[in-house]
Amino acid sequence: MIRASDLTWDEVVRVGPGTLGGNYLRRFWWPVALSEEVKDIPVPVTILAEELVLFRDLSGHLTLLGRHCSHRRASLEYGRIEEQGIRCAYHGWCYDRRGKVLDRPAEPIKTAPNIQHPWYHAEELGGFVFAYMGPDKENPPPLPRYDVLVMDGYRVAERGDTRLGKGYSCNWLQGAENTTDTTHMAYLHGIYKQCPIFKAVEGEYGVNIFIVSRGSKPNTVQVRQRCTVLPSINRKSREPWDEKSDGLAVPIHQAIWILPIDDTHCEEMRLTVYPEAPEQKSYHGGYVEKARQRERKPYDRRFYGEIRGIIPLEDKAMVESQGAIVDRTLEHPGYGDRAILLLRKMIRDGIAAVANGETPKGVLKNGPDLIDLEIGLKEYGIDKLPEFAADLLPELEKRSERNQSD
């Protein structure tokens with residue numbers, strides 16, 4: 001029996017096959033590519049320290065195989081897609097979508113039932129191709145139909161842009177903690193004028209975060225709900241504001257997956273659902289030109305130079321500066337980090353559950369048609385606040401009094 005409290009940080013953050021952390025992460029479905037990327041040639045994919053190749057065979061089936069041919073390890077990313085699978089460009093070995101060897105042109109015996117090439121399940125949803133890399137290949141858990149993946153609207157699916165900072169040279173957990181962090185939105189990004197007043201609660205699918213602020217009318221309070229869905233999805237919404245608003249008047253919904261590539265690299269996969277087509281199709285597209293136009297001072301020896309005002313780069317600089325794998329034994333987290341601490345606890349609990357033969361929280365046993373995460377902004381009268389938000393009312397009132405006295 002493994003206890004969550006006994007896990008070392010090294011056991012938590014490692015993602016490779018056979019590691020405790022990697023075994024846990026493999027119980028979830030991961031967006032490994034955009035649907036629009038899977039066309040007439042194979043797509044190389046690296047996830048959870050495994051090199052894979054993704055394609056759609058000529059019969060239309062999505063296929064995800066180990067990237068290196070079982071014959072002599074040449075890459076199948078250069079292979080020829082066929083009706084039932086893919087044929088290696090080097091010596092012609094052919095594999096079906098479940099890794100069975102169909103043909104070996106140079107061998108007297110063409111098939112090889114004793115050779116099992118690596119393969120994984122792949123399904124398409126919401127503009128992404130998702131992969132399941134867990135042990136139960138014959139009966140994988142259902143692919144979760146989170147609200148943002150199936151809701152109506154103009155959807156933009158995009159992967160991390162390394163020019164802006166959404167491909168990180170650090171461990172995946174640092175990226176997940178960053179998207180869970182609420183206080184950095186005030187100090188790093190300037191989205192809030194003061195540290196948000198919030199509450200973090202363990203929910204059915206992850207860490208539910210409730211942020212409270214004064215309402216638009218007297219004696220009202222606004223409650224914004226967001227969630228870090230285990231293990232690394234930042235599910236949130238926002239109202240249009242400043243230059244990114246496009247004049248839209250209803251909320252924009254987002255989900256951000258922090259995709260573990262290997263122990264020291266991760267990437268964002270982002271889905272944004274607009275009520276109508278925006279002028280700027282890429283969520284971070286407006287920052288590209290701004291990043292290019294930066295003038296670097298000749299004496300500025302910082303790795304990324306000036307980052308202020310370029311939100312994706314601000315995030316990238318902070319999480320990478322912690323180190324490729326941050327040494328959390330040297331940290332001193334406080335009250336403002338309670339959402340991150342809860343996320344860490346839930347991930348540890350999940351790793352221990354898998355190690356002990358149990359199903360971790362967030363992995364579905366039966367798939368509902370829709371998982372409504374109840375994300376958004378609501379306004380309540382003070383006397384009608386939900387219990388989870390009412391606990392924050394004294395803190396909100398004290399802040400209002402301080403602001404008035406200032």
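Can you spot a residue in the stretch 53-63 that is of a type in the set (Lys, Arg), crowded, with 19+ Cβ neighbours inside 10 Å and closer than 26 Å to Thr359 by Cα?
No, that holds for no residue.
Search the stretch 381-392 for residues that are under 15 Å from Ile197 (Cα atoms) and pair each with any residue that is open to solvent by 40 Å² or more (accessible area, probe 1.4 Å) when their beta-carbon atoms are under 7 Å apart and the residues are at least 6 apart or on different chains.
These pairs meet every condition: Phe388/Lys199; Phe388/Val201; Asp391/Lys199; Leu392/Lys199.
If I filter the stretch 115-133 down to residues being of a type in the set (A, V, I, L, M, F, W, C) and in a strand (DSSP E or B), which single residue comes out as farthest from Ala255 (Cα to Cα)?
Trp119
Filter the stretch 388-406 down to the residues that are in contact with a Phe, Trp or Tyr (Cβ under 7 Å, 6 or more places away or on another chain) and open to solvent by less than 60 Å² (accessible area, probe 1.4 Å) and list them by number.
Of everything in the stretch 388-406, just one residue is in contact with a Phe, Trp or Tyr (Cβ under 7 Å, 6 or more places away or on another chain) and open to solvent by less than 60 Å² (accessible area, probe 1.4 Å), namely Ala389.
Are any residues in the stretch 46-86 β-branched (Val, Ile, Thr) and in contact (Cβ under 8 Å) with a residue 60 or more places away in the chain, and if so, which ones?
Once the filter is applied, which keeps residues that are β-branched (Val, Ile, Thr) and in contact (Cβ under 8 Å) with a residue 60 or more places away in the chain, the stretch 46-86 yields Thr46, Ile47.
When you scan the stretch 39-48, how many residues do you find that are within 19 Å of Glu268 (Cβ to Cβ) and surrounded by fewer than 19 Cβ atoms within 10 Å (Cβ to Cβ)?
3
Scan the strands (runs of 3 or more DSSP E) fully inside the stretch 39-85 and keep the ones with 2 or more residues being touching a helix residue (DSSP H, G or I) at 6+ places or on another chain (Cβ under 6 Å), modelled with pLDDT of 95 or more and of a type outside the set (Phe, Trp, Tyr).
Output list reads 43-47.
Residue by residue through the stretch 347-396, note down the ones that are within 24 Å of Arg238 (Cα to Cα), more than 29 Å from the chain's Cα centre (by Cα) and part of a helix (DSSP H, G or I).
Ile382, Lys384, Glu387, Ala390, Leu393, Glu395, Leu396
May I ask you to list the residues in the stretch 360-387 that are exposed (fewer than 15 other Cβ atoms within 10 Å of the Cβ) and farther than 25 Å from Val250 by Cα?
Across the stretch 360-387, the qualifying residues are Lys365, Asn366, Gly367, Pro368, Asp383, Glu387.
What are the residues in the stretch 104-144 that are closer than 18 Å to Pro360 by Cβ and open to solvent by 80 Å² or more (accessible area, probe 1.4 Å), if any?
If the condition is that a residue be closer than 18 Å to Pro360 by Cβ and open to solvent by 80 Å² or more (accessible area, probe 1.4 Å), then Pro135, Asn139 are the ones that fit.
Give the residues of the stretch 67-99 that are open to solvent by 50 Å² or more (accessible area, probe 1.4 Å), over 21 Å from Ile47 (Cα atoms) and not hydroxyl-bearing (Ser, Thr, Tyr), sorted by residue number.
Those that are open to solvent by 50 Å² or more (accessible area, probe 1.4 Å), over 21 Å from Ile47 (Cα atoms) and not hydroxyl-bearing (Ser, Thr, Tyr): His71, Arg72, Arg80, Glu83, Gln84, Ala89, His91.
Looking only at the stretch 239-269, how many residues end up being in contact with a helix residue (DSSP H, G or I) (Cβ under 6 Å, 6 or more places away or on another chain) and modelled with pLDDT under 75?
Qualifying residue count, the stretch 239-269: 0.
Picking from Ile307, Ile325, Ile351, which residue would you name as being over 29 Å from Arg224 (Cα atoms), in contact with a helix residue (DSSP H, G or I) (Cβ under 7 Å, 6 or more places away or on another chain), open to solvent by 20 Å² or more (accessible area, probe 1.4 Å) and of a type in the set (A, V, I, L, M)?
Just a single option satisfies the conditions, and that option is Ile325.
In the stretch 313-330, how many residues are touching a Cys at 6+ places or on another chain (Cβ under 6 Å) and of a type outside the set (Val, Ile, Thr)?
So the count comes out to 2.
What pairs can you find where one residue is in the stretch 127-142 and under 21 Å from Leu34 (Cβ atoms), the other is of a type outside the set (Asp, Glu) and open to solvent by 50 Å² or more (accessible area, probe 1.4 Å), and their Cβ atoms are less than 7 Å apart, with a gap of 6+ or different chains?
From residues that are under 21 Å from Leu34 (Cβ atoms), the pairs are Gly127/Arg155.
Out of (1) under 24 Å from Glu267 (Cα atoms); (2) open to solvent by 10 Å² or more (accessible area, probe 1.4 Å), the odd one out for Trp172 is which?
(2)
Among residues belonging to the stretch 325-346 that are part of a loop (DSSP other than H, G, I, E, B) and more than 18 Å from the chain's Cα centre (by Cα), point out the one that is farthest from Phe303 (Cα to Cα).
Gly334
The values are calculated or read from the model by the stated rules, or taken from the named source; none is laboratory data. Note that the coordinates shown come from a computational prediction; the quantities given were computed from them, not determined experimentally. Methodologically, a virtual Cβ is constructed for each residue, glycine included, from the backbone with ideal geometry; neighbour enumeration extends over all protein chains shown. The accessibility values were calculated without ligands, DNA or RNA, using every heavy atom of the protein model including side chains. Shrake-Rupley method; radii C 1.70, N 1.55, O 1.52, S 1.80 Å.
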